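These notes concern the structure reproduced below.
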Amino acid sequence: MGVLSKRPKGTKDVLPAESYKWKAIESRMSGVAELFGFREIRFPTFEHTEVFTRSVGDTTDVVQKEMYTFKDKGDRSITLKPEGTAGTVRAMLENGLLNEALPQKVYYITPAFRYEKAQAGRLREFHQFGCEMFGSADPAADAELICLAQSVLGLLNLDDVRLEINSIGCPECRKSYQEALLAYFNAHLDALCETCHDRLRKNPMRILDCKNPECAEIAKSAPQITHYLCADCQAHFERVQRYLQEMDIAYTVNPTIVRGLDYYTRTVFEFIADDIGAQSTVCGGGRYDGLVELMGGKPMPALGFAMGLERLLIAIESRGWKIDPPTPCQLYLASVGEAAAAKAVVLTADLRRSGIYAECDTMGRGLKAQMKYADKIGAKTTAVIGDEELASGQLKIKDMKTGDITSSTFDTLCDDIWECLSQKEPRNPREIREEMTNDLGEELVQRFMSHMLGGKISGTRNMPEIDGFDDLKDLDKE
Ligand code: ATP
Ligand code: MG
């Protein structure tokens, strides 16, 4: 196939049959992030290359092998964003947000680009949902962030993914660790790959994250950072763990996690979905207390995480969670003859303005072909306008599932359709609520729904005053 009809390797088209799933998970993610006080930030898809070489680190796989870097026509070195944190820090600094009230908390949903060996769950253009928090050095912030990630995963029905945490200490305690690593890897020099020889000189910790199987084997028995933490880092790590225990967040400590980017300090963590194959890390994050300063700002502690949307979708689908498809066509308004067709066009516009998903013929098809199309798009109801309907202003709405007929008129069509549909449609709010409560727990759901529906939160037992949600109040009393 020629390049015109074949997408670049490692990229994906998200077709309408899939895109609604993306929208569903994105809205859940941003909804939860906002509950935790994070607000959306949008930033460019590309940055000056130095934003990444500086922050991600020039001994990392990302910088050494994976970046999409090119010269633009002004001879500037530009890189397509391989991750979201560095760009966020650049934007926070450039726009002075770190001079405002702390902590600053932002989230994003962004494409990211890495020249990797494309395979299931590993793409060259992929998408990340990320949350970043600036200003707090307190273990409470680490716990808040991990709790946020866990709540997002919970709302995506992924509460069985494993949380692994580690502390990789501060530059101070890492000095003695680096020495121990240097001694260890020097003794195994012959078995290390070419790149790791270079890493040994520049940043021996990077060898622990090398994907080469021989290097990985040697790395298994390397000294572990947890034995080299200074008293402050040790205390911080213990406090984070105590918070997690008190918040009922299950975790294991995995002393081999170092993360693939250089900017991390102290707490690092990953959420792992064991059932989705080799690319099983659905979320990675941690503290990066030195990054803001490294990027030219005043010293400021910070932390964040990113989730890979493609991997999350694989995990969601492998668990059989069916995401509700978009509402199917609510009324197909068929017509016979030119005048009727014109009337159908205008009526359809009215229906849509009143919030009803209606369709009419725009293909010049005969009645039979129109009805076939209505069936194909799963229209819930249909009505036909012909000469008789034009003359009388009356028409019949047919329920396509039950065959029931309801009389209507051109003037009352909108109301009558709403009436027809409300008997079977919108999904019972009680069901939605129960479904979410199972995922997230009672109180968080109440707040989530209040928030999403624009209601006020006044006391944990109050649901917002919104049509159709009245019965939830009764539910609360039960
Ligand atoms: P991995 O070890 O799988 O290469 P990473 O450590 O490089 O992951 P991060 O830089 O922490 O990943 O990115 C955060 C998340 O983004 C990962 O946990 C993963 O879900 C997702 N991700 C990273 N690289 C890719 C990719 N090439 N394709 C799809 N998703 C990815
Ligand atoms: Mg990687």
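The values are calculated or read from the model by the stated rules, or taken from the named source; none is laboratory data. Everything numeric in this text was worked out from a predicted model, so none of it was measured. No Cβ is skipped: glycine too gets one built from the backbone with ideal geometry, and neighbour counts run over all protein chains shown.
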### Message
Tell me the residue from A143, A120 that is within 16 Å of ligand 2 (Cβ to nearest atom), assigned by TED's automatic domain parsing to the domain that holds E270 and among the hydrophobic types (A, V, I, L, M, F, W, C), please.
### Response
A120
### Message
Need the failing condition index for R28 against (1) under 30 Å from I316 (Cα atoms); (2) buried (at least 19 other Cβ atoms within 10 Å of the Cβ); (3) within 16 Å of ligand 1 (Cβ to nearest atom); (4) in contact (Cβ under 8 Å) with a residue 60 or more places away in the chain, just the number.
### Response
(3)
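Considering every residue within the stretch 168-187, establish whether at least one is in contact (Cβ under 8 Å) with a residue 24 or more places away in the chain, acidic (D, E) and surrounded by 15 or more Cβ atoms within 10 Å (Cβ to Cβ).
No, because not a single residue in the stretch 168-187 is in contact (Cβ under 8 Å) with a residue 24 or more places away in the chain, acidic (D, E) and surrounded by 15 or more Cβ atoms within 10 Å (Cβ to Cβ).
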### Message
So, A235, is that one part of a helix (DSSP H, G or I) and within 16 Å of ligand 2 (Cβ to nearest atom) or not?
### Response
no
### Query
Cβ-Cβ below 6 Å, separation at least six or inter-chain, first residue in the stretch 46-70 and modelled with pLDDT of 95 or more, second more than 16 Å from ligand 2 (Cβ to nearest atom) and in a helix (DSSP H, G or I): which pairs?
E47/G87; V51/R90; T69/T49
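Condition check ((1) among the hydrophobic types (A, V, I, L, M, F, W, C); (2) under 25 Å from D190 (Cα atoms); (3) in contact (Cβ under 8 Å) with a residue 40 or more places away in the chain) across all residues:
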position: S221; (1), (2), (3): no, yes, no
position: Y228; (1), (2), (3): no, no, yes
position: V240; (1), (2), (3): yes, no, yes
position: M247; (1), (2), (3): yes, no, yes
position: V253; (1), (2), (3): yes, no, yes
position: I257; (1), (2), (3): yes, yes, yes
position: F269; (1), (2), (3): yes, no, yes
### Query
Any residue in the stretch 63-72 that is over 23 Å from the mean Cα position of the chain (by Cα), within 16 Å of ligand 2 (Cβ to nearest atom) and of a type in the set (D, E, K, R)?
yes
